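Okay, so here's the structure we're looking at.
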Amino acid sequence: MKIIPGRAEDVVSENRTATFTGTVWGDPVLPATDGVTINNVFFAPGSRTYWHEHEHGQILHVTAGSGLICAFGQSPRVIRAGDTVWVPPGERHWHGAGGQSYLLHLAVSLGSTHWLDEVSENDYATTPAEG
Ligand code: MN
(Lines give C-alpha, C1' and ligand atoms only; values in the text may rest on other atoms or scores of the structure.)
Protein backbone atom coordinates (compact mmCIF):
# COMPACT_ATOMS: atom_id res chain seq x y z
CA MET A 1 0.00 0.00 0.00
CA LYS A 2 1.13 3.51 -0.79
CA ILE A 3 -0.33 6.88 0.19
CA ILE A 4 0.29 9.63 -2.31
CA PRO A 5 0.22 13.00 -0.58
CA GLY A 6 -1.90 15.85 -1.90
CA ARG A 7 -0.53 18.96 -3.51
CA ALA A 8 2.73 20.16 -1.95
CA GLU A 9 3.69 23.83 -1.90
CA ASP A 10 6.74 23.27 -4.12
CA VAL A 11 4.95 21.33 -6.88
CA VAL A 12 4.90 23.18 -10.20
CA SER A 13 2.00 22.51 -12.57
CA GLU A 14 3.03 21.08 -15.92
CA ASN A 15 2.23 23.13 -19.02
CA ARG A 16 1.20 20.46 -21.53
CA THR A 17 2.25 21.31 -25.06
CA ALA A 18 3.43 18.22 -26.98
CA THR A 19 0.07 16.55 -27.62
CA PHE A 20 -2.31 19.41 -26.83
CA THR A 21 -3.59 22.47 -28.68
CA GLY A 22 -3.92 25.72 -26.72
CA THR A 23 -3.23 26.27 -23.02
CA VAL A 24 -3.43 23.09 -20.96
CA TRP A 25 -2.08 22.49 -17.45
CA GLY A 26 -1.72 19.17 -15.66
CA ASP A 27 -1.11 18.13 -12.07
CA PRO A 28 -0.29 14.54 -11.15
CA VAL A 29 -2.66 12.86 -8.68
CA LEU A 30 -1.29 9.33 -8.97
CA PRO A 31 1.95 8.85 -10.92
CA ALA A 32 1.87 5.77 -13.18
CA THR A 33 1.28 2.84 -10.82
CA ASP A 34 0.50 -0.70 -12.00
CA GLY A 35 -0.76 0.69 -15.33
CA VAL A 36 -2.97 3.39 -13.79
CA THR A 37 -2.20 7.12 -14.07
CA ILE A 38 -4.38 9.87 -12.59
CA ASN A 39 -4.07 13.55 -13.47
CA ASN A 40 -6.04 16.72 -12.89
CA VAL A 41 -6.11 18.50 -16.24
CA PHE A 42 -7.10 22.12 -16.80
CA PHE A 43 -8.06 23.24 -20.33
CA ALA A 44 -8.37 26.96 -21.09
CA PRO A 45 -11.27 27.85 -23.43
CA GLY A 46 -10.52 26.57 -26.94
CA SER A 47 -7.83 24.10 -25.87
CA ARG A 48 -7.99 20.34 -26.33
CA THR A 49 -6.00 17.12 -26.62
CA TYR A 50 -4.77 15.64 -29.89
CA TRP A 51 -6.61 12.59 -31.16
CA HIS A 52 -5.54 9.60 -29.05
CA GLU A 53 -6.38 6.11 -27.75
CA HIS A 54 -5.97 4.49 -24.34
CA GLU A 55 -4.70 0.93 -24.22
CA HIS A 56 -7.10 -0.18 -21.48
CA GLY A 57 -9.54 2.75 -21.50
CA GLN A 58 -9.94 5.97 -19.56
CA ILE A 59 -12.34 7.46 -17.02
CA LEU A 60 -12.88 11.21 -17.15
CA HIS A 61 -14.70 12.99 -14.32
CA VAL A 62 -15.50 16.66 -14.91
CA THR A 63 -14.89 18.56 -11.69
CA ALA A 64 -15.48 22.13 -12.93
CA GLY A 65 -16.47 24.05 -16.04
CA SER A 66 -17.68 22.40 -19.22
CA GLY A 67 -16.18 21.08 -22.40
CA LEU A 68 -16.36 18.64 -25.26
CA ILE A 69 -15.51 15.02 -25.91
CA CYS A 70 -15.55 13.43 -29.35
CA ALA A 71 -15.22 9.85 -30.55
CA PHE A 72 -13.83 9.35 -34.07
CA GLY A 73 -16.59 9.47 -36.69
CA GLN A 74 -19.06 11.15 -34.32
CA SER A 75 -19.93 14.75 -33.42
CA PRO A 76 -18.43 16.32 -30.28
CA ARG A 77 -20.65 16.02 -27.19
CA VAL A 78 -20.92 18.44 -24.29
CA ILE A 79 -19.62 17.39 -20.85
CA ARG A 80 -20.22 19.43 -17.70
CA ALA A 81 -19.18 19.49 -14.04
CA GLY A 82 -20.35 16.25 -12.40
CA ASP A 83 -20.33 14.20 -15.61
CA THR A 84 -18.28 11.01 -15.85
CA VAL A 85 -17.17 9.47 -19.16
CA TRP A 86 -15.93 5.94 -19.81
CA VAL A 87 -13.73 5.74 -22.91
CA PRO A 88 -13.33 2.08 -23.94
CA PRO A 89 -9.92 0.56 -24.77
CA GLY A 90 -8.63 1.61 -28.19
CA GLU A 91 -11.43 4.10 -28.95
CA ARG A 92 -9.98 7.05 -30.88
CA HIS A 93 -11.13 10.33 -29.33
CA TRP A 94 -10.24 13.82 -28.09
CA HIS A 95 -11.43 15.97 -25.17
CA GLY A 96 -11.06 19.56 -24.08
CA ALA A 97 -12.70 22.87 -23.33
CA GLY A 98 -15.42 24.47 -25.43
CA GLY A 99 -15.02 27.95 -26.80
CA GLN A 100 -16.78 29.69 -23.90
CA SER A 101 -15.65 27.86 -20.77
CA TYR A 102 -12.63 26.26 -19.21
CA LEU A 103 -12.76 22.53 -18.43
CA LEU A 104 -11.24 20.84 -15.40
CA HIS A 105 -11.34 17.06 -15.32
CA LEU A 106 -9.80 14.21 -13.40
CA ALA A 107 -8.38 11.72 -15.90
CA VAL A 108 -7.86 8.09 -14.86
CA SER A 109 -5.86 6.55 -17.70
CA LEU A 110 -5.44 2.78 -17.95
CA GLY A 111 -2.39 1.43 -19.73
CA SER A 112 -0.43 3.41 -22.28
CA THR A 113 -1.74 6.32 -24.35
CA HIS A 114 -1.27 6.25 -28.11
CA TRP A 115 -1.11 9.83 -29.46
CA LEU A 116 -2.22 10.62 -33.00
CA ASP A 117 -2.86 13.80 -35.05
CA GLU A 118 -3.82 17.25 -33.86
CA VAL A 119 -7.58 17.98 -33.89
CA SER A 120 -8.13 20.34 -36.82
CA GLU A 121 -9.95 23.65 -36.36
CA ASN A 122 -12.60 22.23 -38.71
CA ASP A 123 -13.22 19.16 -36.53
CA TYR A 124 -13.12 21.24 -33.34
CA ALA A 125 -15.61 23.76 -34.73
CA THR A 126 -18.21 21.06 -35.41
CA THR A 127 -21.45 21.96 -33.63
CA PRO A 128 -21.61 19.87 -30.47
CA ALA A 129 -24.53 17.54 -29.92
CA GLU A 130 -26.15 17.74 -26.46
CA GLY A 131 -25.55 14.90 -24.02
MN1 MN B 1 -8.45 10.48 -23.46
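The values are calculated or read from the model by the stated rules, or taken from the named source; none is laboratory data. A quick note: this is a predicted structure, and the numbers were derived from the prediction, not measured. All Cβ positions, even for glycine, are placed from backbone atoms using ideal geometry, and neighbour counts span all protein chains on display. What goes into the accessible areas is simple: the full protein's heavy atoms, side chains included, and nothing from ligands, DNA or RNA. Shrake-Rupley method; radii C 1.70, N 1.55, O 1.52, S 1.80 Å.
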Note on the range 44-68: residues more than 9 Å from the ligand (Cβ to nearest atom), part of a strand (DSSP E or B) and open to solvent by 10 Å² or more (accessible area, probe 1.4 Å) are ILE59, HIS61, THR63, ALA64, GLY65, SER66, LEU68
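Considering only the range 75-96, how many residues are open to solvent by 40 Å² or more (accessible area, probe 1.4 Å) and within 11 Å of ILE59 (Cα to Cα)? Break it down into steps so the answer makes sense when it comes.
First pass over the range 75-96, keeping only residues open to solvent by 40 Å² or more (accessible area, probe 1.4 Å): 75, 77, 80-84, 86, 88-92.
Still in the running and within 11 Å of ILE59 (Cα to Cα): 83-84, 86, 88-89.
Residues in the range 75-96 being open to solvent by 40 Å² or more (accessible area, probe 1.4 Å) and within 11 Å of ILE59 (Cα to Cα): 5 in total.
Every residue in the range 72-131 that is aromatic (Phe, Trp, Tyr) and out of contact with any Phe, Trp or Tyr (no Cβ under 9 Å at 6 or more places or on another chain), please.
So the first thing to find is which residues in the range 72-131 are aromatic (Phe, Trp, Tyr), and the list is 72, 86, 94, 102, 115, 124.
The one that is aromatic (Phe, Trp, Tyr) and out of contact with any Phe, Trp or Tyr (no Cβ under 9 Å at 6 or more places or on another chain): TRP86.
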Which listed residue is among the charged types (D, E, K, R) and open to solvent by 60 Å² or more (accessible area, probe 1.4 Å), from ARG7, ARG16: ARG7
Those residues that are outside any strand (DSSP E or B), at pLDDT 95 or above and closer than 22 Å to SER101 by Cα, I need them from the range 16-43; list them, please. THR19, GLY22, THR23
